[in-house]
Each structure stands twice: as structure tokens, then as C-alpha cells.
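Here the structure is laid out as C-alpha cells; the discussion comes afterwards.
The values are calculated or read from the model by the stated rules, or taken from the named source; none is laboratory data. Just so we're clear, the structure is a prediction, and the values are computed from it rather than from any experiment. Because the Cβ atoms are built from the backbone with ideal geometry, glycine has one as well, and the counts that use them run over all protein chains shown.
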Amino acid sequence: MKRIITATVINRPGVLNRITGLFTKRDFNIESISVGHTESEGNSRMTFVVNVKDDNSAEQVIKQLNKQIDVLKVQDITDQAIVARELALIKVASVPTHRNELYSLIEPFRATIIDVSRDSVIIQVTGESNKIEAIIDLLQPYGLKEVVRTGTVAFPRGNQKLSANPKVTTII
């Protein structure tokens, strides 16, 4: 089962390595990781999309993460109302005669062509993972040259905060 786990950490060398090591020890496959600075200087937020065996194993990882010295807050936000996005850059083989067709194909996805060369275009698309998968599938027949994707970034909608989940333990 897929879970989205966020961790707010002190931004220091080695933190990512120690945290991913915990997932490895529990034999969880990390589908994506996104890390970036937060609104608080010196802190970063990590967003993990992981496959776990069951809810108990996810809770165990959260408990282990909370024991890490550089971890300030950990939360499984999978079951909350969240906003989640991913970015993909897709290089597609394209001769000038097919470009109008590509434009009309990507328009419903609100994707944009951000680079054009003689034999290819680079398309940028953002959205939920299933939207990214759908556009990649549609572009496949044109000849995908390269695909680069970020990891998922997410947080709760509206007035919900990352610490609103009762399963969260905050260590200060």
C-alpha cells in the first residue's frame, strides 16, 4: 500500500542518508523523495512516497523517524485532504509537421512546450502522479526520448496543518 510521509528536519549533511536507511531496514520501496527548504530557516521538508506492507509497518517507521536527532516532525498525510503535485519534463521526437498535433494533445493537460529543436520538443507538465502517467502514455507513440520526473510534494489543504494528524509525534 502506498503512503505519503512528510518529515521536517534540520538541514544538515547526512540527514537524508540516515532517514532513507530507516526505510531500507524496513524493506520499504521509496517511489519518490522530494526535499526542499521550508518557511523556517535551517529546516527542510522531505516528502516520501513509499510502498509499505500495512498500517502497522508505516507506524513503526514513523516512530523510528521521530527518534532521529535531526527530525523535528513526521507525519503520514495519506488519509488527509491534501494537495499533491509532481513535475515532469518529457522530451518527445517531433518533426515540424507533427507539432500542431502535439500542441492539441497536451493542451487538455495544461502542459507546455518549453523547448523546441529540429527533431524534438520538451514538454513540461505538473499535476498528480496519475496525470503525469496519462500524458506520458499518450505521448508514447510519438517516440519518447527522455522523461525526467520530480518526486511528489504534498501538504494538507486549507486550514489543516502538517501537525493536525493525531498519529503525529512532534519532538522539539
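Take the residues of the range 75-114 that are part of a helix (DSSP H, G or I) and touching a residue at least 40 places away in the same chain (Cβ under 8 Å): which is farthest from Gln140 (Cα to Cα)? Explain how you work it out, then say what you get.
First pass over the range 75-114, keeping only residues part of a helix (DSSP H, G or I): 96-109.
From the residues that got through so far, the ones that are touching a residue at least 40 places away in the same chain (Cβ under 8 Å) too are 98, 102.
Working: His98: 14, Leu102: 12 Å.
Looking at residues that are part of a helix (DSSP H, G or I) and touching a residue at least 40 places away in the same chain (Cβ under 8 Å), I get His98.
Is it true that some residue in the range 106-127 is at pLDDT 90 or above, touching a Leu at 6+ places or on another chain (Cβ under 7 Å) and under 20 Å from Thr6 (Cβ atoms)?
yes
Would you be able to say whether some residue in the range 49-72 is touching a helix residue (DSSP H, G or I) at 6+ places or on another chain (Cβ under 9 Å), surrounded by 15 or more Cβ atoms within 10 Å (Cβ to Cβ), more than 25 Å from Ser129 (Cβ to Cβ) and β-branched (Val, Ile, Thr)?
yes
Regarding the range 77-94, can at least one residue be identified that is among the acidic types (Asp, Glu) and over 18 Å from the mean Cα position of the chain (by Cα)? Explain how you work it out, then say what you get.
At the first step, the residues of the range 77-94 found to be among the acidic types (Asp, Glu) are 79, 86.
Within this subset, residues satisfying the condition of being over 18 Å from the mean Cα position of the chain (by Cα) are none.
No, the conditions are met nowhere in the range 77-94.
Rundown of residues vs (1) in the same structural domain as Ile10 (by TED's automatic domain parsing); (2) touching a residue at least 60 places away in the same chain (Cβ under 8 Å); (3) under 19 Å from the mean Cα position of the chain (by Cα), yes/no style:
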site: Arg26; (1), (2), (3): yes, no, no
site: Thr38; (1), (2), (3): yes, no, yes
site: Gly42; (1), (2), (3): yes, no, no
site: Val50; (1), (2), (3): yes, no, yes
site: Asp55; (1), (2), (3): yes, no, no
site: Val61; (1), (2), (3): yes, no, yes
site: Asn66; (1), (2), (3): yes, yes, no
site: Asp70; (1), (2), (3): yes, yes, no
site: Lys73; (1), (2), (3): yes, yes, yes
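Please find, among Ser94, Ser129, Ser104, Ser117, the residue that is under 28 Å from His37 (Cα atoms) and outside the structural domain of Thr6 (by TED's automatic domain parsing). If you could, list the steps in order and put the result at the bottom.
Numbers: Ser94 fails: under 28 Å from His37 (Cα atoms); Ser104 fails: under 28 Å from His37 (Cα atoms); Ser117 fails: under 28 Å from His37 (Cα atoms).
Going through Ser94, Ser129, Ser104, Ser117 in turn, just one is under 28 Å from His37 (Cα atoms) and outside the structural domain of Thr6 (by TED's automatic domain parsing): Ser129.
Testing Asn29 on (1) loosely packed, with under 14 Cβ neighbours inside 10 Å; (2) out of contact with any helix residue (DSSP H, G or I) (no Cβ under 9 Å at 6 or more places or on another chain), one condition comes back false. Which one is that?
(2)
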